[in-house]
Amino acid sequence: MTQAICHIPTVTTDSLVLRSAQRGDFDAFAAMLASNRAIYMGGPYDRNAAWGLFANTLTNWSLDGFGAWMITDRDSGAFMGDVGVTYPIRFPEPEMGWTLTADAEGKGYAFEAAGAALAWYWANTDADSVVSYIDPDNARSRALAEKLGATLDTSAPRPVGETAEETIVYRHRRAA
């Protein structure tokens with residue numbers, strides 16, 4: 001195996017470890033994206049499409065100095081999802097996103113992971129804000145964005161090819 005070409009930090013919370021994607025995470029990641037868990041992000045996805053999204057969690061670290069982490073249970077190491085700020089080419093600005101496995105949902109892990117990812121982002125970039133692109137029907141993600149302090153930004157541009165009926169934009173702002 002070769003060494004990674006950039007450093008991806010590890011962030012530890014009370015219950016979770018946010019860490020770099022590892023090849024061994026892919027099967028669980030692909031299963032999550034093949035399920036209805038991915039319905040609000042254009043899925044479900046086959047393994048080839050899931051691989052592209054998996055690789056994207058790493059690519060942003062090299063290109064932008066920030067990216068996504070795999071969420072794992074601090075005690076067992078079990079895969080629980082992904083979280084972070086990514087900047088795919090079709091996005092007009094960086095996006096804070098999250099996806100959890102069905103077993104991890106409803107336990108506060110998304111809030112814990114997203115809060116830790118945002119805290120890292122604010123501490124390590126000079127950005128004043130970051131967005132979350134959310135399907136209007138995704139009530140759980142809308143509630144999480146609001147719990148994190150984000151507000152609707154109706155004037156923000158959407159990802160290429162997406163309309164206001166398909167995607168709403170929540171804006172997270174750096175605390176004053």
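The values are calculated or read from the model by the stated rules, or taken from the named source; none is laboratory data. Remember, predicted model here, so these are calculated numbers, not experimental data. A quick note on method: Cβ atoms are made from the backbone with ideal geometry, for glycine too, and the neighbour counts reach across all protein chains shown.
Points to keep in mind about this one:
- One residue from Ala145, Ala113, Ala127 being in a loop (DSSP other than H, G, I, E, B) and either among the hydrophobic types (A, V, I, L, M, F, W, C) or surrounded by fewer than 20 Cβ atoms within 10 Å (Cβ to Cβ) (or both): Ala127
- When Ser62 is tested against (1) among the polar types (S, T, N, Q); (2) under 25 Å from Asp135 (Cβ atoms); (3) in a helix (DSSP H, G or I), just one condition goes unmet, and that condition is (2).
- For the residues Met96, Met70, Met80, the requirement of being within 19 Å of Tyr133 (Cα to Cα) and in contact with a strand residue (DSSP E or B) (Cβ under 9 Å, 6 or more places away or on another chain) singles out Met96.
- Residue match in the range 74-94 (condition: in a helix (DSSP H, G or I), closer than 25 Å to Arg171 by Cα and at pLDDT below 95): no
- Lone qualifier among Met96, Met70 - being under 20 Å from Thr12 (Cα atoms), in contact (Cβ under 8 Å) with a residue 24 or more places away in the chain and in contact with a helix residue (DSSP H, G or I) (Cβ under 6 Å, 6 or more places away or on another chain): Met70
- Checked against (1) in contact with a Lys or Arg (Cβ under 9 Å, 6 or more places away or on another chain); (2) under 11 Å from Leu16 (Cα atoms), Arg74 passes all but condition (1).
- When residues in the range 149-176 are screened for being under 19 Å from the mean Cα position of the chain (by Cα), over 22 Å from Gly42 (Cβ atoms) and touching a residue at least 24 places away in the same chain (Cβ under 8 Å), 3 of them pass.
- Test: residue in the range 48-55 that is closer than 29 Å to Ala127 by Cα, out of contact with any Asp or Glu (no Cβ under 7 Å at 6 or more places or on another chain) and loosely packed, with under 14 Cβ neighbours inside 10 Å: yes
- Looking across the range 1-43, just one residue is part of a loop (DSSP other than H, G, I, E, B), free of Cβ contacts under 8 Å to residues at least 40 places away in the same chain and surrounded by 16 or more Cβ atoms within 10 Å (Cβ to Cβ), and that is Gly43.
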